Every structure is written in structure tokens, then in C-alpha cells.
Amino acid sequence: MKPSDPRYSVYLARTKGKLLAISFITVGELLFGAIKKKWGAQKLADLNERIRRVAVVPYDQKLCETYGDLKAKLRDKGKTVADNDLWIASCAVRHAVPLVSHNRAHFEGIPGLVLISEAPVIAQIQSQGTLPGIVPTKTP
């Protein structure tokens, strides 16, 4: 996240002084997005520099076992999570580190995952049904 992003300051308090890491899957997603949008050489170089500033969590046998276990547990609960999101969550669970994401809905309910999200909690309130005197709104 760039300092110009309005969410930057919100998450800075949670991440300052911490070792930042991203999943190998996230690196692939970032590069795909850049290629899809036909970023120029300089913008792509800037992205690669930002990636080099953080640890990249690679895959290993234990991560694959964690993914398989989580996918089976979620299936047994009737819940599905997009494969890339589940790989990202599996990296966090496998290494026992919290996952910081503004996309709360993609990661909620994953067993063993500690999720840090400053996304509005209105979606959780709405999931409880309509409350008297509250007008339902759409979440971003």
C-alpha cells in the first residue's frame, strides 16, 4: 500500500515496526495486475522494488498440507474460498502470523486464521438482519 492510499495510515498503526511479508501468490497477483494494465517499465520496476522490500513467503510441503487441510475443513462446513485467497490465508496459518487485509469478506471464517482488517464492520451488522430503526446500506 502506498502512503497516498487513504487506508495507509489506518494500517500503519498495525504494521509499524513489524516484519512485513506477502505470499508468493500475492506477488503473482500483483504482477498479473501490472501486466494486464500494461504498466510501463518504470512503474513495473517500482512495483518490483516494493516487493523486494518485504519478505515473500514461499510454498513448501507444510504449506501445501495446511492448504489441503483448510480446504477440506471449509468444504465440510459448506464454505468455499477462492483458491488464491485460500493459499494466501494458508501462508498466514502455516507460519502462525496474522493476515492483514482490507478484504474482510474473502478471509472470514477460515479456521486458525488471525485476520486484521479495518474494513467497515457494517457487513457483519447487516448479516444479523435488519435492526429496528436502521436503514440498510450497501458496503463498498
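Please treat every number below as a calculation from the coordinates, not as lab data. Owing to the predicted nature of the structure, the values given are computational and were not obtained by experimental measurement. Methodologically, a virtual Cβ is constructed for each residue, glycine included, from the backbone with ideal geometry; neighbour enumeration extends over all protein chains shown.
Is there a pair in Lys2/Lys38; Lys18/Lys43; Lys16/Lys43; Lys36/Lys62 whose C-alpha atoms are over 28 Å apart, and which pairs would that be? Check vs 28 Å cut-off fails for Lys36/Lys62. Taking the empirical scaling 2.2 N^0.38 Å for compact globular proteins as reference, segment 8-127 has a Cα radius of gyration ratio of 1.14.
Can you pull out the trypsin sites (Lys or Arg not before Pro) in segment 1-81 whose DSSP state is coil and whose Cβ has at most 16 other Cβ atoms within 10 Å?
Details: sites: Arg7, Arg14, Lys16, Lys18, Lys36, Lys37, Lys38, Lys43, Arg50, Arg52, Arg53, Lys62, Lys71, Lys73, Arg75, Lys77, Lys79; in loops: Arg7, Lys16, Lys18, Lys37, Lys38, Arg53, Lys77, Lys79.
Counting only loop positions with at most 16 other Cβ atoms within 10 Å, the trypsin sites (Lys or Arg not before Pro) in segment 1-81 are Arg7, Lys16, Lys18, Lys37, Lys38, Arg53, Lys77, Lys79.
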